[in-house]
1. Do the conditions hold for A:Arg117, that is, is it modelled with pLDDT under 95, more than 20 Å from the chain's Cα centre (by Cα) and over 20 Å from B:Ile180 (Cα atoms)?
2. Only one of these is modelled with pLDDT of 95 or more, out of contact with any strand residue (DSSP E or B) (no Cβ under 9 Å at 6 or more places or on another chain) and over 18 Å from B:Phe47 (Cβ atoms): B:Leu258, B:Leu241. Name it.
3. For the range B:287-307, give me each residue that is surrounded by 14 or more Cβ atoms within 10 Å (Cβ to Cβ) and assigned to a helix (DSSP H, G or I).
4. Residues being facing another protein chain (nearest Cβ under 9 Å) and over 18 Å from the mean Cα position of the chain (by Cα): count how many of those fall in the range B:147-167.
5. Would you be able to say whether some residue in the range B:27-37 is touching a residue at least 24 places away in the same chain (Cβ under 8 Å), surrounded by fewer than 24 Cβ atoms within 10 Å (Cβ to Cβ) and not in a helix (DSSP H, G or I)?
6. Which ones in the range B:38-61 are in a helix (DSSP H, G or I) and free of Cβ contacts under 8 Å to residues at least 24 places away in the same chain?
7. Just the residues that are out of contact with any Leu (no Cβ under 9 Å at 6 or more places or on another chain) and facing chain B (nearest Cβ under 10 Å), please, taken from the range A:132-179.
8. Which fully enclosed helices (runs of 4 or more DSSP H) of the range B:232-286 have 3 or more residues being surrounded by 17 or more Cβ atoms within 10 Å (Cβ to Cβ)?
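The values are calculated or read from the model by the stated rules, or taken from the named source; none is laboratory data. Fair warning: this is a prediction, and the values are worked out from it, not measured in the lab. When we count neighbours, we look across all protein chains shown, and the Cβ atoms used for this are built from the backbone with ideal geometry, even at glycine.
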Amino acid sequence: MIKVEHISKSFGGIRAVDDCSLEVVRGSVTGLIGPNGAGKSTLFNIIAGLFPPSAGRVLLDGEDVTGWPAHRLFHRGLARTFQIAQEFSRMTVIENLLAVPPKQSGESLFRAWFAWRKVIEEERGLRVRAREVLEQLRLTHLEREYAGNLSGGQKKLLELGRTMMIQPKVVLLDELGAGVNRTLLGELAGEIERLNRDHGYTFFVIEHDMDLIARLCDPVIVMAEGRVLTQGTMAEIRRNEAVIEAYLGTRRQKTAAQARR
Amino acid sequence: MDIFSAGFLNYLIALGTMSGIYAVLCLGLNLQWGFAGLFNAGIAAFFAIGAYAAAILTTPESPNHLGGFGLPVVAAWPVAMLLSGALAWAIGRICLKVQGDYLAMATIGIAEVIRLVIKNEEWLTAGTRGISNIARPFEALPTPWNALAFLGLVAALVAGIYWAAERAWASPWGRALRAIRDSDVAAAAIGKDVTQFRLEAFVLGAMVMALAGALSAHYFKFLGTTATEPMMVTFLVWVMLIVGGSGNNRGAILGAALIWVIWSATELLTNRLPGEWITRTSYIRVLLIGLLLQIVLQRFGKGLLPERPPRMIDDRPKSG
């Protein structure tokens, strides 16, 4: 579904991602782990079109999408959440969801002024879907609250909700678990499993919560120092000497600290 | 003072007309700042383009400036708006891909360029001599009906723009813009073409500002370089929108009327100052308005009428 070929990205003198290649298989929930500064978020942002790579290619569903802007990628079925929640703070919770669906005729000013009936009709349909999503995320009671007033965990939920407003081919989840309480996280994991199983969503997940990774992800890809270190099931990863060294090791610690800076 | 005197009535009509013209400017700025978070620091440029385009296109031939087109007002105003929109489009194409600061700098710069062009290109604008003999609609009517009819025209335009802006606010177009304003990366991640939406809001706002410029030229029947003064246009309009409440179309209109009335009242005040102070009135008035802005913001942080999310389109209240 996503294929990354020899991607590199430098910021100033720092190589955040260094000749990295990996594949996210269709229908999988693929995990991406690694110590801080490994280049996970940079790689995510390149795939999501936030900035282009210095070198290499990104393929989405077989199509070369290297350097495409984020909004075009979305229309090809790539949705994402952010590491630090990017809610639309001065919009209500339900508006955050209603904004998502593409090709709304009311997004043309001309039709908003001269074809209002059609806009209203569409809006009714969107609202039914938005309320379903709110129900699933247990956010119904907050429908008309400003998104900026939600807790950190609720904002994360809302971001997942935005991806559920459409039928994406692949969803990038950037530390979904951060700030979400354990009970809710368990339910979220259940939701991700359901979307993956029943609706065929592919997920690509950055996560620091290893229990969540172990529950959801197969395979798991480990990054360190801008490269893919290894790949396998969580059980395999846990036994892998190189991984343990990357997380805890002394030899690499210095360079990892440099990469972070 | 006899409140039924003709003088007082004229004063009220003048207050209303100017409030209306400023309300048009504020509604235009609200499209850019309130909807889209675009910081336009050169409102005067778009206002002046509208004013000069309308004046040049409608005045009889004159040796002092370009002219002699003799267009009727209804034809000249759309041309004035289109010219201003075209300038906004050109600026926006270059500056809107990046956030905030660049647009502010570019608009300040362009406003200064336009001001100098108007002052120095005398073949076009008559420079500091200004353009006179600008026709005002309805001026053939007897007093005070001529002034009242023009006030009615301004009021009708304010109402029309208000309607269009409210519809835009309630529509998915306005929603997409607010999303972009709150987080442009997240808006891009849900498929919104950030640059395109911003460009639409910026151009539309600039066209509305040009209409205000045209109205003002025809109202005063004379147009000089004061039309490009950042103090009277850019600064005052920003104060109006912030006091009234950015992101709220009613707030924009309220702010325009309120600040204009207060601005006019400070003139009565400063006229009573002793002789040696009279020459200092211009900046004393600005200082007073600045103080007022601070006081209002201390008390009403989001303006007198704060932004509210639009009522959801055709949504029946849920029972229970």
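1. yes
2. B:Leu258
3. Selection gives B:Leu288, B:Ile289, B:Leu292, B:Leu293, B:Val296.
4. 1
5. yes
6. B:Leu57
7. A:Arg144, A:Tyr146, A:Gly148, A:Ile166
8. B:236-244, B:249-271
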